[in-house]
Amino acid sequence: MFDIIDKLAVQHTLSHEEFRELIENRTPAVDEYLFAKAREIREKYYGKEVYLRGLIEISNYCRNNCFYCGIRNGNREASRYRMSKADILSCCREGYALGFRTFVLQGGEDAYFTDEKMIDIVSTIRQQFPDCAITLSLGEKSYETYKAFYDAGADRYLLRHETATPEHYAQIHPAKMLFETRQKALQDLMEIGYQVGSGFMVGTPFQTASHLATDLLFLANFRPHMIGIGPFLSHHNTPFSHYPDGSVELTLFLLGLLRLILPASLLPSTTALGVADPDGREKGLLAGANVIMPNLSPAEVRAKYILYDNKIGTHDDAASSLKKIAERVIRTGYHIAVHRGDAKPEK
Ligand code: SAM
């Protein structure tokens, strides 16, 4: 196992069989060996800096019905909201004052936010915050729409591939949502010139080690700038309410592998990791992650953007979320950077 990790650190990829073997035969000693290598590589590129992204959850209306997600259209219990342009801008102002230089506008696929409305919002943020990166995470759109958002000033787009195995994609999404559409959207985003974030949940129902090996090979080949992975966490009012949560240990292990596969990538230590384990986000940083995404949404709306049960920080305001996270970052020996936090070129 140690030999395979050494080989991955040099070659940045492995065979499907080797990835599967690593995933199936983890031991605490192998974990520690991997994490030490992952930290060495992340420090070569990013030193001790942790990059910040300010998450603004603009709407929890969604036309989709993903089987795992708490804001799915079919969840009639969800209390729906959408933020106004003025509220989004005031979150950006508050975030800027706190040191954020990247804003992530995330939401369900909400038809209220037409292309025209989004272009107006993006171009206003671009004018008012010229030194900030604008990231969108609004799901599947046409090439033309992605291009129009890019031309309006968006720099980055987050769209997880969710799973690189078509049969597994079909097991966790309704028939209307197609694996091919998701893959095409990712290709479009790359072609337009976005810095692209992709990724997957760890421990979704029906997921196997072989699926995860396929995910790693997909990412090694697609080479996104950012990769978001976090444990699947069940939500009580979804078709997957009775499935167990994903494993924190396996998520950390995969983060370590991803740092070796794509040494210069941006790897967030996700909220889901912090929900599954109170020290999850620190552990993520120590396994190779280098980004955190504190919540900038107003306290009254963040209690409604519930993807899974037991979401942390749902009553905090932006300043207290950041303060709590900064304290956790300091404990790891790393510190938060105040700049846009672009990915470094590969060495
Ligand atoms: N609508 C946009 C999209 O689909 O990309 C952005 C919002 S979507 C809720 C963001 C991510 O949340 C998804 O890509 C998914 O991986 C994650 N997510 C949804 N439900 C989850 C759950 N139950 N546990 C962990 N992560 C979840």
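Only the coordinates and a few stated rules stand behind these numbers; no lab work does. These numbers were taken from a predicted model, which means no experiment stands behind them. Heads up, the Cβs are rebuilt from the backbone with ideal geometry, glycines too, and the neighbour counts pull from every protein chain shown.
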For the chain, the Rg and Dmax computed from alpha carbons only, in angstrom:
18.8, 55
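Percent antiparallel among DSSP beta bridges with both residues in the chain, to the nearest 5? Before the final figure, lay out each step's value.
Details: 1 of 30 bridges.
Percentage antiparallel, nearest 5: 5.
Quick check on the range 170-222: take the gyration tensor over C-alpha atoms, sort the square-rooted eigenvalues as a ≥ b ≥ c, and tell me if it's rounded (a/c under 1.5), prolate or oblate. Write down the numbers at each step before the final one.
Numbers: a/c = 2.50, a/b = 1.36, b/c = 1.84.
Oblate shape, in that a/c is at least 1.5 and b/c is the bigger or equal ratio.
Once you have the Cα-Cα distance between LYS184 and GLN128, take 0.36 nm times their residue separation minus that, and quote the gain in nm to one decimal. Kindly include the intermediate steps, with their values, before the conclusion.
Details: separation 56, 0.36 × 56 = 20.16 nm, distance 3.23 nm.
Contour length minus the Cα-Cα distance gives 16.9 nm.
From the square roots a ≥ b ≥ c of the eigenvalues of the alpha-carbon gyration tensor of the range 147-306, which class results: rounded (a/c under 1.5), prolate (a/b over b/c), or oblate?
Cα axes put the range 147-306 in the rounded bin.
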Here the membrane-span-like helices of the chain, with no claim about any membrane, defined by DSSP H, Cα axial extent at least 18 Å and mean Kyte-Doolittle at least 1.6, are 248-261
Over the chain, with a Gaussian network built from C-alpha contacts below 10 Å, which listed residue (TYR33, TYR112, TYR334) shows the highest mean-square fluctuation?
TYR112
From the C-alpha coordinates alone, can you work out the Kirkwood hydrodynamic radius of the range 1-44, in Å?
10.8
Orphan Cys of the chain, criterion: no other Cys C-beta under 4.7 Å
CYS62, CYS91, CYS92, CYS132
Loop only per DSSP, at most 16 neighbouring Cβ atoms within 10 Å: give me the trypsin sites (Lys or Arg not before Pro) in the range 61-94, ordered by residue number.
ARG63, ARG76, ARG80
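What length, rounded to one decimal in nm, is gained on full extension from ARG223 through to GLU21, with 0.36 nm per residue of separation minus their alpha-carbon distance?
Full extension from ARG223 to GLU21 adds 70.5 nm.
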Estimated [θ] at 222 nm from DSSP helical runs (n ≥ 4, -39500 (n - 2.57)) normalised by residues in the chain, nearest 500
-13500 deg cm²/dmol
So for the pair GLU40, ILE330, with labels modelled 7 Å out along Cα→Cβ, what separation do we get in nm?
3.0
